[in-house]
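What follows is a set of notes on a single structure, which appears directly below.
Readers should treat all values here as calculations from the given coordinates under stated rules, not as data from a laboratory. Treat the numbers as computed from the prediction; the structure is a model and nothing was measured. A quick note on method: Cβ atoms are made from the backbone with ideal geometry, for glycine too, and the neighbour counts reach across all protein chains shown.
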Amino acid sequence: MREQMLAAEKVKALEWRDNALYLLDQRLLPQHEHWQRYETAAEVALAIREMRVRGAPAIGVAAAFAVVLAAQKLVDSPVSTWSAALAADFALLAESRPTAVNLFWALQKMRDCLAIAVQQAQPLPILAAQAVAILNDDREANMQTAQLGLQVIREASAASQHVMTHCNTGALATAGFGTALGVIRAAYLDGLVSCVHVNETRPWLQGSRLTAWELVGEGIPSVLNVDSAAAHLMAQGKITWVIVGADRITANGDVANKIGTYQLAVLARYHQVKFMVVAPSSTIDMQLSSGTAIPIEERNGEEILYIGEQRVAAQIDAFNPVFDVTPADLIDVIVTERGIVMQPNQQKMHALMQDN
Ligand code: MRU
C-alpha cells in the first residue's frame, strides 16, 4: 500500500530548490499551473495571506522555508545579530493567517532551531535542515494517517463507501498526498471507495477547483455538489462517511476547519453518517482548552460578492468567516500519525499527545 500511495504523489504545492521556495499558485488552479519562485520571507508571507499557498500543513512548511530565505540574507552579518534581525520576519509570517496552528507550530520549531543554530559558526544549513525535516515529517505523517484512516474505514465495514469531503486536504494542502484526501486515496486504492462527493466549498471553491482537480487527475470516481446539497445527499442515504481535515484541534478534541464543516457534522450525526477528521499532530493545539478560544479568520467580503472579476451580489455587505468549529462530541474519530482517537475528548487527546 505504501508503494501505491507514493506512486499517487503526483501533485505538489511547494518545492525547495536552488536556495529558493517555489509555490504553485493555487488562486489560478485548475485553469493555470503557474509556479513562482520566492526569495524573501515577506513575499512568502504575502503568498500565504493571499492563499497562493494554503491548507494548514502547507502553510506551516512554506513559513519554515520563509525563515530560511530570511536567514540567507544574513550570511554576511555576525551570527550574534541573527536572532534580532529575524524577529521582524517571524512576526510578519505569524500575521499572515490566524487559524491554522501549523503556521505557529512551524515558526516555533524554526525559532527553537535558531536558538541552537546561532551557537554554531554556520547556522544556515542547520535552519535549512530543520525546514526540510518539517516538510519530510509532514509527508511521512500523511502516509501514517492514510493507513490508519483506511484501517478505521475497513473495520467499520467491508462494503464500498460513498465519501463526502469538504475543502481541499490533498497534495495541494500538505507536503505529501494529503490528510483527509490521503485517507480517501488509500481507501480507494484498497477498493473501499465507490464515489467521492466533493463539496464545492464556497466561497473560495477549494472543492470544485482543487479537490476535484486532484481526484479527477487520478481517475478516482468523484462528483461535485454545491455545499447546500449535503443534507439532501445524506437523507437519500448516499453518504456513508464524511472525511475532512483540520486547521486546529484543541485539547478537548474540538476541530476548527473550513467554514461549513460544522454543519456537515450536525447533518452527519442526524443522518447516522460517520464523521472522521484527519490531521497531523502539528495541527493539535494543547494550549487551547476548547474550540471557543480558536481565532477564526474573517476574509474580505468580496470573496462572496464577486466571482472572479464579476460582481454577483446586490449592493449588500458580506460577512465572510472562513473557518468554523465542530465540537468534539459530533466527531466519531480523529486520525493522526500518532494514533486514532475514537469519540475524542480531553482525556483521550491528552493521552495521544503524551504517549509518543
Ligand atoms: O482556507 P484554506 O484553504 O487554507 O483552508 C484549508 C482547510 O480548511 C483544510 O481543510 C485544512 O487546512 C486541512 S488541509 C490538510
Legend entry - Label point distance in nm, Ala121-Tyr270, each placed 7 Å from Cα along Cα→Cβ: 6.8 nm
Inset, instruction - Using the Karplus curve 6.51 cos²θ - 1.76 cosθ + 1.60 with θ = phi - 60°, work out ³J(HN,Hα) for each residue of the stretch 169-174 in order, rounded to whole Hz, and write x for Gly and Pro. - result: 10, x, 4, 6, 9, 9
Legend entry - the stretch 2-136: proportion of alpha-carbon pairs further apart than 25 angstrom, %: 25 percent
Inset, instruction - Take each complete run of DSSP H in the chain, measure how far its Cα atoms stretch along the helix's own axis, and keep only those covering 20 Å or more with mean Kyte-Doolittle hydropathy at least 0.0; list them. - result: 56-72, 101-117, 123-156
Legend entry - Mean ellipticity per residue at 222 nm, deg cm²/dmol - from DSSP H runs of n ≥ 4 across the chain, formula -39500 (n - 2.57): -12500 deg cm²/dmol
Legend entry - Ranked Ser160, Ser281, criterion: other C-beta atoms within 10 Å, fewest first: Ser160, Ser281
Inset, instruction - Assign one of three labels to the stretch 144-354, namely rounded, prolate or oblate, based on the Cα gyration tensor with a ≥ b ≥ c the square roots of its eigenvalues; rounded applies when a/c is under 1.5, prolate when it is not and a/b is larger than b/c, and oblate otherwise. - result: oblate
Legend entry - Cβ-based exposure ranking for His197, His232, in which fewest neighbours within 10 Å come first: His232, His197
Inset, instruction - At a Cα cut-off below 26 Å, give the lysines reachable from Lys238, other chains included and same-chain residues fewer than 8 away excluded. - result: Lys258, Lys274
Inset, instruction - Mind giving me the FRET efficiency for Ala20 and Asn345? R0 is 30 Å, r the Cβ-Cβ distance, nearest 0.05 is fine. - result: 0.10
Legend entry - Residues Arg27 and Leu6, FRET efficiency given R0 of 25 Å [Cβ-Cβ distance, rounded to 0.05]: 0.30
Legend entry - Proximal lysines to Lys73, defined as alpha-carbon separation beneath 25 angstrom and excluding residues fewer than eight positions away on the same chain: Lys109
Legend entry - Ascending count of other beta-carbon atoms within 10 Å, so fewest first, for Ile284, Ile294: Ile294, Ile284
Inset, instruction - Return the percentage of antiparallel bridges among DSSP beta bridges fully within the stretch 173-289, rounded to the nearest 5 %. - result: 15 percent
Inset, instruction - Along Cα→Cβ, 7 Å out, is where each label goes; now give me the distance between the ones at Gln287 and Lys238 in nm to one decimal. - result: 4.3 nm
Inset, instruction - Treat each spin label as a single point 7 Å out from the Cα along the C-beta direction, and report the Val79 to Ala229 distance in nm. - result: 5.9 nm
Legend entry - Antiparallel bridge percentage (DSSP; both residues within the chain; nearest 5): 50 percent
Legend entry - GNM flexibility winner over the chain from Val11, Val325, Val101 (Cα, springs under 10 Å): Val11
Legend entry - P(r) weight above 28 Å for the chain, C-alpha pairs, percent: 41 percent
